[in-house]
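First comes the structure, then the notes that go with it.
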Number of protein chains: 4
Amino acid sequence: MRQNPMRFGLIGTGRIGQVHAANIAANPAAELVGIADPFIDGAKSVASRFGGTVTDSPEQLIHSRQLDAVLVASPTPTHVELIEACVDAGLPVLCEKPIDLDIVRVDALRPKVAASGVPVALGFNQRFDPSFARVHMRVLAGEIGELEHLSIVSRDPGPPPASYIGVSGGIFRDMTIHDFDMARFFVGDIIEVSATGARLFDAGAREHGDFDTAVVTLRAASGAIVTITNSRHSAIGYDQRLEAFGALGMLQVGNAQSSLVSYSSASSVEARDPYIESFIERYTQAYALELDEFIKLVRGGQSSSPSFEDGRAALMIADAAQRSAEEGIAVSIASALPIAN
Amino acid sequence: MRQNPMRFGLIGTGRIGQVHAANIAANPAAELVGIADPFIDGAKSVASRFGGTVTDSPEQLIHSRQLDAVLVASPTPTHVELIEACVDAGLPVLCEKPIDLDIVRVDALRPKVAASGVPVALGFNQRFDPSFARVHMRVLAGEIGELEHLSIVSRDPGPPPASYIGVSGGIFRDMTIHDFDMARFFVGDIIEVSATGARLFDAGAREHGDFDTAVVTLRAASGAIVTITNSRHSAIGYDQRLEAFGALGMLQVGNAQSSLVSYSSASSVEARDPYIESFIERYTQAYALELDEFIKLVRGGQSSSPSFEDGRAALMIADAAQRSAEEGIAVSIASALPIAN
Amino acid sequence: MRQNPMRFGLIGTGRIGQVHAANIAANPAAELVGIADPFIDGAKSVASRFGGTVTDSPEQLIHSRQLDAVLVASPTPTHVELIEACVDAGLPVLCEKPIDLDIVRVDALRPKVAASGVPVALGFNQRFDPSFARVHMRVLAGEIGELEHLSIVSRDPGPPPASYIGVSGGIFRDMTIHDFDMARFFVGDIIEVSATGARLFDAGAREHGDFDTAVVTLRAASGAIVTITNSRHSAIGYDQRLEAFGALGMLQVGNAQSSLVSYSSASSVEARDPYIESFIERYTQAYALELDEFIKLVRGGQSSSPSFEDGRAALMIADAAQRSAEEGIAVSIASALPIAN
Amino acid sequence: MRQNPMRFGLIGTGRIGQVHAANIAANPAAELVGIADPFIDGAKSVASRFGGTVTDSPEQLIHSRQLDAVLVASPTPTHVELIEACVDAGLPVLCEKPIDLDIVRVDALRPKVAASGVPVALGFNQRFDPSFARVHMRVLAGEIGELEHLSIVSRDPGPPPASYIGVSGGIFRDMTIHDFDMARFFVGDIIEVSATGARLFDAGAREHGDFDTAVVTLRAASGAIVTITNSRHSAIGYDQRLEAFGALGMLQVGNAQSSLVSYSSASSVEARDPYIESFIERYTQAYALELDEFIKLVRGGQSSSPSFEDGRAALMIADAAQRSAEEGIAVSIASALPIAN
């Protein structure tokens, strides 16, 4: 029997909120019934394109009794409160990463989420990218034998505004956290973190004591080693690569190119058109598939949605990386942070 | 001032008709108001997804007085009649290629189209593919100097049913015609055609005296030489490549790959996931951009839509290729066909 | 038991003669014992580097009774006479291509070569290029199924002097002849030739009625079609590619690059350093392996050296291509030329 | 005026000694006059191929008064003693890396080398690889702007015997030392080292407390960060890549492939033939160019030969890496090791 579309409320209508709105509207299994944003013009604009009622109050939306699920795309400091409100209301929630910048607040919420049985998923969209997912599947299938080394390169086209850097929680919690989740996706539990950061070009990073360039080495319980390379800028476009090396071979994900064109001349050959610049374009399919998996999760089926625990684990690694970069020591995950009972 | 959406009637709801329906529905400058197909269930199915009234009579749709333009995606034998009806009704028309399999019928329609002033565009969608278009633009910009040789490779994943082969007009009029148009797009007027065909694997081609493999050499008035390589099958997926060689360099369009993944092992390295199989996926953007250009054409703006004359010219080359392949001579375009007054 | 090195006489010390001299000197199974060149300073220079006595008389060298075999790298018009002298002297000969520009002279020599039993090999070095040879082997192994289409691209970095063009026999006999042999290597007997030539940039070609750009389509007895694309210039370096397409897949040989470096910037990505420019660098291994095979041939072992008959067959195709390009007809090989009995 | 060939003595005739012997013999500016190896059959075998007298006593060779320079390719424990003997004899020496496994011994030798004025070069051959050298030159030329991140991947086809592991000094001093030198070549002084090692597959590494897999992060005085990835095995062949990322772009060195062939089928496309397996084949040109530079150094010209100090600096980084991997701390180079006066 065909099911009714799942009725979504969307909280937050910034760039990423708009992506989710479009995906909900385009997904035959979903319906956008309500939009909340204190910046009401943002909510109205999204509603005019994708439907749904508008309100400036997330709480009002959550308690509207018209929803089957909530998608939280509001600023990070609101996440804990909104997840809690959804859980209290019995509403499944797909929340953008990170849960919070403060592991203490995350751990305070943790028991309630665990006890509630309400589905809570974290927006680690990159797990759903078809190329990353395909490599993951092929690693599991044994194509490279035992995974020994995973290399993740993630560089943004340009740094965010200095004002954002100031509230971002730092590069590890803000940017690398995607890579920490990807690392866990591939190698499971992380037991040791060594991070090195540098301030090479971004005034915002310098002003706020953050790094604009970082390298992180993770050791997994499996024995595998993970290397993550980050930069807040990349002249060549959005640089998102992954390389899984094992006893039998190597699987790689290259960058997405903006065309199928290459150019050869006397000075160089087979020069490709630039990589795409936008994370939204790069992860278009990933966001749509993330929504599909969340819908499956809510409906009780098999789902690969990252969980609240996944969100917490990535934050713990980020905290360890921050400490490692500051203190010049390898930080073991067990020692870094108290595990909430 | 913002204009009202252009009201489209769609004739034909087969695979390609459905692509056009989706594009019209998704284009903010267009609206799908009516759908005609003698196979009424096809029309109904499309209407249920993309809107519009339905009828089994194309004539009725054309004369409904609700249309600003018509998109003809019905079988080839109906094209001449439908273009004529649209022109008589003063309705701009975007017609799938070819105009007809018989140059005599095309030439009979030609004066009316020319005299009418009604915009008639041919669906040579590949001109709008962003990669082909980008190479075209860069050739014009002089990046490779004088264009001396153009190579087009076009291979379909698999042959059509034998029944289709029988009414297709042969590989040159049915399949190579896209490449003939692409050749003209790049090098302008063609003056000589040499074609070689073979029947290597397809029972349908053998049964109907058609070729399943073909190579065509064109000589342009500019002096440039064009090589076209066709096959009705391709185990490696949809093979659509172009290479423009000139005095200063070379521009190439490679195949579209199904992922960003590559695999290295002891037996081979950097093996990419297969090419995509579907022409619809390969030319998704091209179809959408084709529609944009047609809308511009109808609104009287600058447009690069291929014209009725472009459709006729490609058919003349196809006829010459057929004769060349059968008789083993290089056929000059001027001598091959009577030019309609 | 280890054999004594084969004692070679070298006739001709131009660019290609020097390549052969170096290979004979470096090959533990060969020894350079004598060098003949009417330009005696050339012979002396080669002897000073690689050993051997010198003479300005090829005949004297051939009859010196010190040789086991002769390598002919002198100008084309001398080939027939020198092969004949070697055969008369019972000396195996490896002769640079082509045998001659005139099939009548080749056919006049043919019965003597056939009757003599003396090994005569033609210098179609490209058969021995490890990449081409590997594709050939993999095609035979069935990796692409039945070979349906073979594409050969061969473009020289720059045109030869006009004076050379005048005595070259034309692009088909001088340059394409390598590709005709490669075609026969892959698809066997050729039954039909269609050629198109153009004069686009080279004053020498225009002056002597030759082409600087050519495209040839061959039909093989097997049914396979071959496309050859030639140019006398290539801004991107030495362009030597091959593509074998079959029912199950495709094997390609790309160009040799001058380094392992690629460069990505805001304007393009993965731009490789240029292709190598020199045929000697491109075919270094091929020339050495060609010599190995010739030595095997002389010693009576299994050998893949191209024969006098291979040299003749390539010239017949070249003649057919010349006629096809001039007359605008597909020329069948059987009808083109009388087969010497 | 043309100089006499430089008369070389070679000490050590193992695999790498043989490479040097061949290069000395092939270099018109050098001559192999004497060979020393306690394993006298090795010396004899090399002499029979490349010339020179033989002795089982390195000291005898050094004091033979027939040499202009010495090439030391004997086992590592002999290097300090042999360098010292050469310096005492006033003979320039090109010594294979590392100088020694013990920095104390290196520092003991250091003042004598510095005071002597005798040219002492270290065999960091990879600096001379044309691709690495070309990237180095292009980085200096500013093509990528300020160098921010350097990634070096170095994986051997297979692990050495367990017996060798036991005397190798560990992966950092034995294998990574090449990468440490390459890092210094690109970014200059290193100030901090963080290393992570793992024992994942090699029984020899496990037996001797060594690592078979390692990742090292270096911080340069310039601010740049370097990542080095090592493995003692690589199913895909010899994996030697470098990536220099800067504000304006990226330069990469890829792996050397064993042919120009690629294969496409229904399951994957553009699969290349495997990478080459042998470091000797990969670095053929590098070894020859290393010798050229050493000859220039001895002759007093401009030379880029790595010095004794370069050899010492790489060892200091290796020591720091070893300590970092064992203790889980970032080791600053200044603090790690006493700098010899």
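Each reported figure results from applying straightforward, stated rules to the coordinates on display, with no laboratory input. Please read these numbers as outputs of a predicted model, since none were measured by experiment. No Cβ is skipped: glycine too gets one built from the backbone with ideal geometry, and neighbour counts run over all protein chains shown.
Its relative contact order, with pairs defined as Cα atoms under 8 Å and 6+ residues apart, puts chain C at 18 percent. Defining the label point at 7 Å along Cα→Cβ, can you sort the distances from D:Glu281 to the same site in each other copy, shortest first, in nm? Inter-copy label distances (nm, one decimal, shortest first): 2.0, 3.6, 4.0.
Residues considered: B:Pro159, B:Pro92, B:Pro111. Largest GNM mean-square fluctuation over chain B, using C-alpha springs under 10 Å, is found at B:Pro111.
Checking every one of the chymotrypsin sites (Phe, Trp or Tyr not before Pro) in the range C:106-214 against DSSP loop status and a limit of 13 other Cβ atoms within 10 Å picks out no site at all.
The convex hull around the C-alpha trace of the range D:164-213, projected and averaged over every direction, spans 3.8 square nanometres. What residues of the range C:237-260 lie in the reach of a label at C:Arg15, counting those whose backbone N is under 20 Å from a point 7 Å from the Cα along Cα→Cβ? Output list for this probe position: C:237-241, C:255-258.
Please report the antiparallel percentage of DSSP beta bridges with both residues in chain D, rounded to the nearest 5. Here the antiparallel bridges make up roughly 55 percent for chain D. Of interest is the spacing of the C-alpha centroids, which for the range D:101-154 and the range A:106-134 amounts to 48 Å.
Express in nm, to one decimal, how much length is gained between A:Ile40 and A:Gln3 on full extension, taking 0.36 nm for each residue of separation and deducting their alpha carbon distance. Before the final figure, lay out the partial values.
On the way: separation 37, 0.36 × 37 = 13.32 nm, distance 3.18 nm.
This chain segment gains 10.1 nm when fully extended.
Could you calculate the FRET efficiency of A:Ala115 with D:Ala114 from 1/(1 + (r/R0)^6), where r is the beta carbon distance between them and R0 is 56 Å, rounded to 0.05? Step by step, r from the Cβ atoms, then E = 0.20. The label point for D:Ser57 and the one for B:Ala203, both projected 7 Å from the Cα toward the Cβ, are 8.8 nm apart. Computed over chain C, the P(r) curve from all C-alpha pair distances, binned at 20 Å from the origin, holds 29, 59, 12, 0 percent per bin. The value of relative contact order for the range B:6-125, using C-alpha pairs under 8 Å at least six residues apart, is 23 percent. With its label point defined 7 Å out from Cα along the Cα-to-Cβ axis, C:Gly117 lies at 7.5, 9.0, 9.7 nm from the matching points of the other copies, in increasing order. When chain C is treated as a Gaussian network with alpha carbon springs shorter than 10 Å, the biggest mean-square fluctuation among C:Ser163, C:Ser131, C:Ser305 belongs to C:Ser163. Compared with the dominant Cα axis of chain A, that is its longest principal axis, helix A:40-50 is turned about 90°. Sorted shortest first, the distances from the A:Gln302 label point to those of the same residue in the other copies are 5.0, 5.4, 6.6 nm; each point sits 7 Å from Cα along Cα-to-Cβ.
Summarising the amide proton neighbourhood of C:Met6: residues at separation of 5 or more, or on other chains, whose placed amide H is nearer than 5 Å comprise C:Ala30, C:Glu31.
For chain B, the longest principal axis of the C-alpha atoms and the axis of helix B:176-187 are separated by about 80°.
Of all DSSP-defined beta bridges confined to the protein assembly as shown, some 60% are antiparallel rather than parallel. Separation of the alpha carbons by more than 25 angstrom is noted, of C:Lys97/C:Lys296; D:Lys44/D:Lys296; A:Lys44/A:Lys112; D:Lys97/D:Lys296; D:Lys112/D:Lys296, for D:Lys44/D:Lys296; A:Lys44/A:Lys112.
Percent of C-alpha pairs per 10 Å bin in the range A:1-115, short distances first: 15, 48, 29, 8, 0. With viscosity 0.890 mPa s and temperature 25 °C, the Kirkwood radius over alpha carbon pairs of the range D:53-97 converts through Stokes-Einstein to a diffusion coefficient of 232 µm²/s. With axes computed from alpha carbons, what is the tilt in degrees of helix C:284-298 against the longest principal axis of chain C, rounded to the nearest 10 within 0 to 90? Relative to chain C, helix C:284-298 is tipped by roughly 50 degrees.
Using R0 = 22 Å, the C-beta based FRET efficiency linking B:Arg105 and B:Thr284 works out to 0.10. Between amide H atoms placed 1.01 Å from N, distances below 5 Å from D:Ser57 occur with D:Asp37, all of them 5 or more places distant or on a separate chain. A simple spin-label model places the labels of A:Ala334 and B:Ala221 8.2 nm from each other, with each point 7 Å out along Cα-to-Cβ. Size check on the protein assembly as shown: the Cα extents along the three principal axes, sorted descending, read 98, 86, 47 Å. Between amide H atoms placed 1.01 Å from N, distances below 5 Å from D:Gly145 occur with D:Leu248, all of them 5 or more places distant or on a separate chain.
Between D:Ser163 and C:Ser304, the simple label model (points 7 Å from Cα in the Cβ direction) yields a spacing of 4.0 nm.
Centre-to-centre separation between the Cα atoms of the range A:262-280 and those of the range C:33-85: 51 Å. The Kirkwood hydrodynamic radius of the range D:70-228, based on inverse pair distances between different Cα atoms, is 17.4 Å. Before rounding to the nearest 500, sum -39500 (n - 2.57) across all DSSP H runs of length at least 4 in chain B and divide by the residue total; then give [θ] at 222 nm in deg cm²/dmol. About -11000 deg cm²/dmol. Given R0 = 60 Å, the distance between the Cβ atoms of A:Ser48 and A:Leu140 translates into a calculated FRET efficiency of 0.85.
With Cβ to Cβ distances under 15 Å as the rule, what net charge do the other residues near D:Pro75 carry (K, R +1; D, E -1)?
Details: positive: D:Arg15, D:Lys97, D:Arg105, D:Arg173; negative: D:Asp37, D:Asp56, D:Glu81, D:Glu96, D:Asp100, D:Asp102, D:Asp174.
Its environment carries a net charge of -3.
For the range D:322-328, backbone phi angles converted through the Karplus equation (6.51, -1.76, 1.60; θ = phi - 60°) give residue-by-residue couplings of 4, 5, 4, 5, 7, 9, x Hz, Gly and Pro being listed as x.
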